[in-house]
1. Being out of contact with any Leu (no Cβ under 6 Å at 6 or more places or on another chain) and touching a residue at least 24 places away in the same chain (Cβ under 8 Å) is the filter; apply it to segment 135-148 and report the residue that is surrounded by the fewest Cβ atoms within 10 Å (Cβ to Cβ).
2. Quick check on Ser162: is it small (Gly, Ala, Ser), surrounded by fewer than 23 Cβ atoms within 10 Å (Cβ to Cβ) and under 14 Å from the mean Cα position of the chain (by Cα)?
3. Residues Gly64, Gly35: which one is in a strand (DSSP E or B) and either small (Gly, Ala, Ser) or under 19 Å from Thr215 (Cβ atoms) (or both)?
4. Name the single residue that is nearest to Ala128 (Cα to Cα) among those in segment 148-169 being in a loop (DSSP other than H, G, I, E, B) and touching a helix residue (DSSP H, G or I) at 6+ places or on another chain (Cβ under 7 Å).
5. Considering each residue of segment 170-192, count those that are in contact with a Gly (Cβ under 9 Å, 6 or more places away or on another chain) and either among the hydrophobic types (A, V, I, L, M, F, W, C) or part of a helix (DSSP H, G or I) (or both), and give that number.
6. Sort out which residues of segment 184-208 are within 13 Å of Glu171 (Cα to Cα) and either surrounded by fewer than 20 Cβ atoms within 10 Å (Cβ to Cβ) or without any contact (Cβ under 8 Å) to a residue 24 or more places away in the chain (or both), and write them in order of number.
7. Taking the criterion of being surrounded by fewer than 17 Cβ atoms within 10 Å (Cβ to Cβ), of a type outside the set (Gly, Ala, Ser) and over 27 Å from Glu171 (Cβ atoms), would at least one residue in segment 85-102 satisfy it?
8. Among the listed residues Lys178, Lys123, identify the single one that is in contact with a Phe, Trp or Tyr (Cβ under 9 Å, 6 or more places away or on another chain), of a type in the set (D, E, K, R) and surrounded by fewer than 21 Cβ atoms within 10 Å (Cβ to Cβ).
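The values are calculated or read from the model by the stated rules, or taken from the named source; none is laboratory data. Because the structure is predicted, anything quoted here is derived from the model rather than measured. Cβ atoms come from the backbone with ideal geometry, glycine included; neighbour counts cover every protein chain shown.
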Amino acid sequence: MPEPIVKVVNVSKSYYRDVLEIPVLHDINLDVHEGQFMALMGPSGSGKTTLLNLLAGIDQPTAGTLSVAGEDISHLNEGDLAKWRARHIGFVFQFYNLMPVLTAFENVELPLLLTSLSRRERKEHVEAALSIVGLADRMDHYPRQLSGGQEQRVAIARAIVSDPTLILADEPTGDLDKQSAEEILTLLSRLNTEYKKTIIMVTHDPRAAETAQITRHLDKGELDG
């Protein structure tokens, strides 16, 4: 079997408040192979979002090593982490995190402004991403002109526009009604099966987790299995 695209080895994470240590994750080991769709489940406060932030290079572990696409990101400095994230990570947030003053097109284009792509190439990438999520006809709309489900689809287009190695989704259906949630899960499933995207999704919803091929459970900072 090929090397995992994500390899987490003996990772722990604590936060410090003055002299008080607050442990969040304890001795986490996790392998994710290319093309897998994994759901991370667990109660509130179990460390799911912390683990996702570590995988995204938004935060760094207190102990242990994390490698993604063969690169150890545990000890990269902020500048190198930012470049690494731009190349490898597409992040989908629960509350979309769209810029209200930008159109759908401009929101999706944002990650590409950090690349060397020409304006024409950026336009092609953005239009392709919005087409994949079914919003080619909404690219000039502002977030306030879109439904919650459409906003989340714009956010997913933004996450995939740079063709990242890994899509990380933090409760992507948590703020949506049932029908919109199902549409988003179907879209994530399509990205996985048709476009072979590797996806790790944090969710507390068992129905959402059923979309994934593998489910792992976090509880009190410890991962099952």
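1. The initial filter retains those residues of segment 135-148 that are out of contact with any Leu (no Cβ under 6 Å at 6 or more places or on another chain), namely 135, 137-138, 140-142, 144-147.
In the following step, the residues that additionally are touching a residue at least 24 places away in the same chain (Cβ under 8 Å) were identified as 135, 138, 140-142, 144, 146-147.
Values: Leu135: 21, Arg138: 18, Asp140: 10, His141: 16, Tyr142: 16, Arg144: 8, Leu146: 18, Ser147: 11.
So the residue we want is Arg144.
2. Answer is yes for this residue.
3. Answer to the selection: Gly64.
4. Looking at the filtered set, the residue picked out is Val161.
5. Here is the first cut: in segment 170-192, the ones in contact with a Gly (Cβ under 9 Å, 6 or more places away or on another chain) are 175-177, 179-181, 183-184, 187, 192.
Still in the list and also either among the hydrophobic types (A, V, I, L, M, F, W, C) or part of a helix (DSSP H, G or I) (or both): 176, 179-181, 183-184, 187, 192.
Number satisfying all stated conditions: 8.
6. His204, Asp205, Pro206, Arg207, listed by residue number.
7. Checked segment 85-102: no residue is surrounded by fewer than 17 Cβ atoms within 10 Å (Cβ to Cβ), of a type outside the set (Gly, Ala, Ser) and over 27 Å from Glu171 (Cβ atoms).
8. None of the others qualify; the one that does is Lys123.
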